[in-house]
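The values are calculated or read from the model by the stated rules, or taken from the named source; none is laboratory data. Source: prediction; values computed, not measured. A quick note on method: Cβ atoms are made from the backbone with ideal geometry, for glycine too, and the neighbour counts reach across all protein chains shown.
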Amino acid sequence: MIGFKRHTLFIILGGLLAAFLLTAPYVIPFLLNTFWVNILTEILIWSLFAASVNLLFGYTGLLSFGQALFFGMGAYGVAFGLSTFGLSFWPAFLLGVAAATVTAALIGFLAVRLTLAYFTIISVVFSLIFYLFAVGRKDITNGDDGMAFQIPPVFTIGGWEPTLLDLTFQYYFVLIMVATFYLLLWMVLQSPLGYAFKAVRENDRRASLIGFNPYIIRYYSFVLAGFLAGVAGTLFALFSRYTTAQYMYWTVSGEGIVWVVIGGAGTLLGPALGTALLIVIREQLSVYWEHFLILVGIIAIVTVTFEPAGLMGMLNRWKDRSRAATPAAETSLTDSESEAARS
Amino acid sequence: MTFCSMSMLNRSWLAVGILAMAFIALPFFLAEFQRIFVAEILIWGLFTMSFSLVYGYGGMMSFAQAVFFGAGCYGFNLGTHYYGFNTWGAIASAVVAAVTLAIPIGVVATRARSHHFLIVTVIFSVLVHMILSSGHWRWLGGPYVTRSLTFVPEVPFGFVTLSYESEIVAYYFSLAVVAAAFGGCSLLAVSPFGRALIAQKDNEMRAHLIGLRVVWMRFSIFVIAAGVAGLSGALYALLARYTSLEFFHWTYSGQAVVMAVIGGANSLVGPFIGTAIYLLAAEHLSRHFESFAILIGIILILVVRYAPMGVWGLARIAIRKVSSE
């Protein structure tokens with residue numbers, strides 16, 4: 001019976017969370033300061049970035065220290081689209097996503113030839129090349145100073161021209177985008193391709209013996225992850241109205257890995273959980289303690305060493321343990337239920 | 001007696017002898033700055049070799065080697081600065097500093113496997129770097145991020161004291177210490193402990209089943225390699241006469257990984273070859289070609305893809321072919 005309760009508890013908590021996310025711009029001003037709406041928006045965007053790191057690391061077994069590259073490409077795509085080419089909202093958005101995806105598609109050819117730590121190194125090398133270019137060519141990218149830009153309205157219906165300057169609209173815009181791409185990711189992971197990712201992660205030789213080409217599977221995963229990171233970068237540039245070379249620096253990728261590892265690699269929602277937790281820690285703690293990252297590092301080390309499945313793994317085990325502990329209760333319940341249904 | 005009829009052992013002793021003579025004779029054919037450059041290659045080579053002890057023998061992709069190199073640098077620097085040690089004492093304090101730091105890090109890190117080990121070591125080196133450069137540790141890092149030796153180092157040999165003022169001394173002392181460390185590590189590699197390490201690297205479960213204490217072995221090689229990295233840090237501090245907090249940064253570990261892989265990470269000779277290739281390329285190519293990192297990336301891809309044993313692995317195959325004909 002306890003197991004049943006825990007399961008219900010999870011559903012209730014999930015429902016509450018969904019309700020909170022749907023009403024956040026109206027609920028938060030009552031509970032907290034309004035600026036937490038922006039923090040929540042930021043958490044949503046970064047959790048999409050964490051999901052892209054997780055797709056590579058948690059599902060395909062490729063540890064990338066270079067995801068920031070695609071994040072930065074997305075951000076620069078938007079910046080160039082809006083300020084240099086004078087595009088309107090959606091073309092600039094598409095330009096950002098396309099820039100990231102094309103970069104991933106080109107780099108992927110070389111990068112996924114390697115696995116294990118060699119892949120990690122090559123991902124660092126690639127992101128460093130682009131970072132150094134972005135920092136060095138001040139005439140094109142404005143380097144560390146970054147590019148600021150104006151954002152046009154998202155769409156026009158009659159006289160209604162909502163822009164992201166409206167915090168509530170911005171929140172819902174980001175929520176819808178992030179939810180859509182999370183749904184897309186979930187659908188891919190449920191598809192045969194998603195199982196192929198896991199097969200390659202577990203044992204690439206066996207995966208190739210049952211007919212998968214590990215190289216192609218890794219390539220798909222790499223491009224899809226680059227695409228997701230690009231969407232996150234595009235959204236973040238629109239959110240902050242600003243793009244800088246720092247978005248491409250390896251520390252951004254490193255943060256993504258820490259979020260994924262703490263939240264739970266290889267679970268769909270773990271990265272979002274880790275991102276939310278660590279951004280809240282950052283917002284709360286960085287005011288009082290300049291070197292709060294030390295704490296983050298220690299949390300990450302403890303998690304990786306003692307609970308490699310992360311917070312989500314812990315939660316899932318807690319949920320499942322109760323089920324396993326009371327199999328008799330579960331079966332008797334279902335038996336009686338089925339009998340009730342029959343009669 | 002022909003060359004081919006010699007036993008394998010004799011032939012490798014011959015190679016060692018020729019190599020030793022070549023290195024002893026080398027400074028007479030080089031300009032002053034080139035002697036220092038060769039000494040630098042030897043020292044960074046020792047550092048890279050410490051990585052291949054952890055990775056090629058222990059099976060752990062460590063990004064914390066730079067921390068121990070930095071600990072060696074500062075162990076040397078602070079030993080002379082605060083305690084007035086002579087060179088021998090300061091080298092000892094450098095190794096002690098590296099090992100002292102490696103024990104707690106190793107206890108935690110060696111519990112993690114593969115990617116998780118990599119992440120843990122990166123985080124540890126970022127943490128150490130962040131704490132040291134936070135400004136609260138000025139007694140250690142110096143008023144700025146670098147700390148210079150305030151004197152010309154001297155090496156006392158009882159009856160005679162050699163000064164680092166002459167780069168011939170710098171060259172030969174670096175060579176002697178690196179050669180001694182290389183010899184020690186080679187003995188370790190062929191010892192039963194070295195064989196057991198390779199066994200646990202190839203298959204941890206089987207090694208465990210034949211009674212090897214895998215966790216203890218992983219920890220031991222981690223600490224030993226940290227000591228070697230600390231020794232190379234001390235030699236670097238001696239040669240360059242300055243230390244920088246930058247050496248704690250994990251990008252230096254990343255460089256060691258690249259050097260070791262290019263040369264051949266499964267051997268102890270390979271890292272030296274990889275270091276020489278990398279540093280020579282950096283010295284000569286970065287002048288003409290701005291994006292030098294791209295080139296290194298391409299070389300890395302080619303080596304990992306087509307010659308996973310590295311340049312030394314290829315050379316060994318070539319030698320075997322030639323001698324069997």
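Structure data summary
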read-out	value
Criterion (among the β-branched types (Val, Ile, Thr), within 14 Å of chain B (Cβ to nearest Cβ), part of a helix (DSSP H, G or I) and touching a residue at least 24 places away in the same chain (Cβ under 8 Å)) met by exactly one of A:VAL252, A:VAL302, A:VAL280	A:VAL252
Among residues of the range A:104-126, those that are under 17 Å from B:PHE117 (Cα atoms), more than 7 Å from chain B (Cβ to nearest Cβ) and among the aliphatic types (A, V, I, L, M), counted	1
Leading residue by the ranking (nearest to the other protein chains (Cβ to nearest Cβ)) among those in the range A:83-103 that are under 22 Å from the mean Cα position of the chain (by Cα) and farther than 21 Å from A:GLN246 by Cα	A:LEU94
The range B:126-153: number of residues that are within 11 Å of B:LEU239 (Cα to Cα) and surrounded by 13 or more Cβ atoms within 10 Å (Cβ to Cβ)	2
Count of residues meeting criterion [at pLDDT 85 or above and either touching a His at 6+ places or on another chain (Cβ under 6 Å) or surrounded by fewer than 16 Cβ atoms within 10 Å (Cβ to Cβ) (or both)] in the range B:308-318	3
From the options B:TYR144, B:TYR172, residue that is part of a loop (DSSP other than H, G, I, E, B), more than 19 Å from B:PHE68 (Cα to Cα) and of a type in the set (Ser, Thr, Tyr)	B:TYR144
Residue within the range B:70-93 that is modelled with pLDDT of 85 or more and within 14 Å of chain A (Cβ to nearest Cβ) present	no
Condition check for B:SER244: touching a strand residue (DSSP E or B) at 6+ places or on another chain (Cβ under 7 Å), surrounded by 14 or more Cβ atoms within 10 Å (Cβ to Cβ), among the polar types (S, T, N, Q) and away from chain A (no Cβ under 11 Å)	yes
Those residues of the range B:283-292 which are in a helix (DSSP H, G or I) and either within 10 Å of chain A (Cβ to nearest Cβ) or surrounded by 12 or more Cβ atoms within 10 Å (Cβ to Cβ) (or both), in sequence order	B:GLU283, B:LEU285, B:SER286, B:PHE292
Members of the range B:104-141 that are more than 7 Å from every other protein chain (Cβ to nearest Cβ) and part of a loop (DSSP other than H, G, I, E, B)	B:THR110, B:ARG113, B:SER133, B:GLY135, B:HIS136, B:TRP137
Members of the range A:290-307 that are farther than 18 Å from B:PRO104 by Cβ and crowded, with 18+ Cβ neighbours inside 10 Å	A:LEU293, A:VAL296
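So that you can scan it fast, the table gives a plain yes or no per residue for (1) surrounded by fewer than 23 Cβ atoms within 10 Å (Cβ to Cβ); (2) within 13 Å of chain A (Cβ to nearest Cβ):
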site	(1), (2)
B:ILE262	no, yes
B:ILE277	yes, no
B:ALA281	yes, no
B:ILE294	yes, yes
B:GLY297	yes, yes
B:ILE301	yes, yes
B:TYR306	yes, yes
